[in-house]
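**Q** One structure coming up, written as structure tokens, with questions to follow.
The values are calculated or read from the model by the stated rules, or taken from the named source; none is laboratory data. Everything numeric here is computed off the predicted structure, so don't read it as measured data. Virtual Cβ from ideal backbone geometry, glycine too; neighbours counted across all protein chains shown. SASA here: full protein model, heavy atoms, side chains in, ligands and nucleic acids out. Shrake-Rupley method; radii C 1.70, N 1.55, O 1.52, S 1.80 Å.
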Amino acid sequence: MWSPWTILVLLILVVMAALLWHRNLACRELANRVAGTTCGRAQVQLLDGTVAFARYGVGRDTHGRWTLLRTYVFDYTDNGVDRRQGFVVLRGLDLEAVGLAPTTIH
């Protein structure tokens, strides 16, 4: 038989996991919108229509508090042949950075 404390701890862990999962979905949706907007402004084509999670990191917000950074990557093309990679970094639900690969001159 499980003790009430064990059940409470397990319930708290399940709720925390669900909240993290929900927050990750919201961040990924935001990263998708940012990647699409960035590609549109740069007049390049977003490939695969989505971003991929790359890594977690830590950083400080504007108040000096530690926050979780999420980095997403996406592929795009500027000529229909070459595949290049861009990135989106989010601090919570705030955009920290976005970038495209440098272009090469032939």
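**Q** From the set of residues in the stretch 13-39 that are closer than 19 Å to residue 89 by Cβ and of a type in the set (Gly, Ala, Ser), which is nearest to the chain's Cα centre (by Cα)?
**A** It comes out as 31.
**Q** If we keep just the residues of the stretch 46-74 that are closer than 13 Å to residue 32 by Cβ and assigned to a strand (DSSP E or B), which is most open to solvent (accessible area, probe 1.4 Å)?
**A** 53
**Q** Quick one: how many residues across the stretch 29-45 are farther than 13 Å from residue 75 by Cβ and open to solvent by 100 Å² or more (accessible area, probe 1.4 Å)?
**A** Looking only at that region, the number is 4.
**Q** Sticking with this structure for a sec: Residue 61 versus (1) under 23 Å from residue 100 (Cα atoms); (2) modelled with pLDDT under 95: which is the lone unmet condition?
**A** (1)
**Q** Name the residues in the stretch 1-45 that are among the aromatic types (Phe, Trp, Tyr) and either part of a helix (DSSP H, G or I) or within 30 Å of residue 81 (Cβ to Cβ) (or both), would you?
**A** 5, 21
**Q** If you don't mind, there's one more thing I want to ask. Filter the stretch 97-106 down to residues that are of a type outside the set (Val, Ile, Thr) and modelled with pLDDT of 95 or more and give me whichever is most open to solvent (accessible area, probe 1.4 Å).
**A** Of everything passing the filter in the stretch 97-106, 100 is most open to solvent (accessible area, probe 1.4 Å).
**Q** Criterion first (open to solvent by less than 100 Å² (accessible area, probe 1.4 Å), out of contact with any Pro (no Cβ under 9 Å at 6 or more places or on another chain) and in contact (Cβ under 8 Å) with a residue 40 or more places away in the chain) does residue 18 satisfy it?
**A** For residue 18, the condition - open to solvent by less than 100 Å² (accessible area, probe 1.4 Å), out of contact with any Pro (no Cβ under 9 Å at 6 or more places or on another chain) and in contact (Cβ under 8 Å) with a residue 40 or more places away in the chain - is not met.
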